[in-house]
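Please read the structure below before turning to the comments.
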Amino acid sequence: MKLKVIVSLIAIAAIVAVVIFAWYGKDSASETQIEIEYPGPWIGGYGVDDDDSMSFKGTGNKIFTISDMKYSIGGYFKKRDNSSETLTVNIIKDGEVVWSKSTTDVFGGVTIIYALDKRLNQLYNP
């Protein structure tokens, strides 16, 4: 009888742990996007968490989807022309813009420093 109770408690604890980890993982690793808004040519790159960074060249608007961000994004995107048009970089989390920076400088660039922890964001982006 005692063995059945112990096995039942272990099974319940395992189910609770799976639910907690599934919920935490869903929240912390939900989809994040980097959106580049610029009509002209641009160059840049980003890194997620502790992974290697990636570099890109493009022209016009572009969205990069990050499916496994847990902590932070760092990067830099800049214009490849002498236009005074606005280059905007947005971080979108679960469909909502949570970070945005722009420049109209000729050959101007935008540095990305974004963390899921709101306290770190306040420190990096006063």
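When N counts the residues of region 34-106, how does its alpha-carbon radius of gyration compare numerically with 2.2 N^0.38 Å, as a ratio?
Details: Rg = 12.3 Å, N = 73, 2.2 N^0.38 = 11.2 Å.
Relative to the rule-of-thumb radius for its length, region 34-106 sits at 1.09.
Given Cβ point charges of +1 (Lys, Arg) and -1 (Asp, Glu) and nothing else, what value in debye, to the nearest 20, does the dipole of region 63-108 about its Cα centre take?
Details: 6 positive and 6 negative charges, 30 e Å.
For this selection, approximately 140 debye.
Pop out the ³J(HN,Hα) list for region 98-106 in order, Karplus 6.51 cos²θ - 1.76 cosθ + 1.60 with θ = phi - 60°, rounded to Hz; leave Gly and Pro as x.
Rounded to whole hertz, the list is 10, 7, 7, 9, 9, 8, 10, 4, 4.
Coordinate-derived values only; no laboratory data. Quick caveat, the model's predicted, so the values are computed rather than measured. FYI the Cβ positions are ideal-geometry reconstructions off the backbone, even for glycines, and counts take in every protein chain you see.
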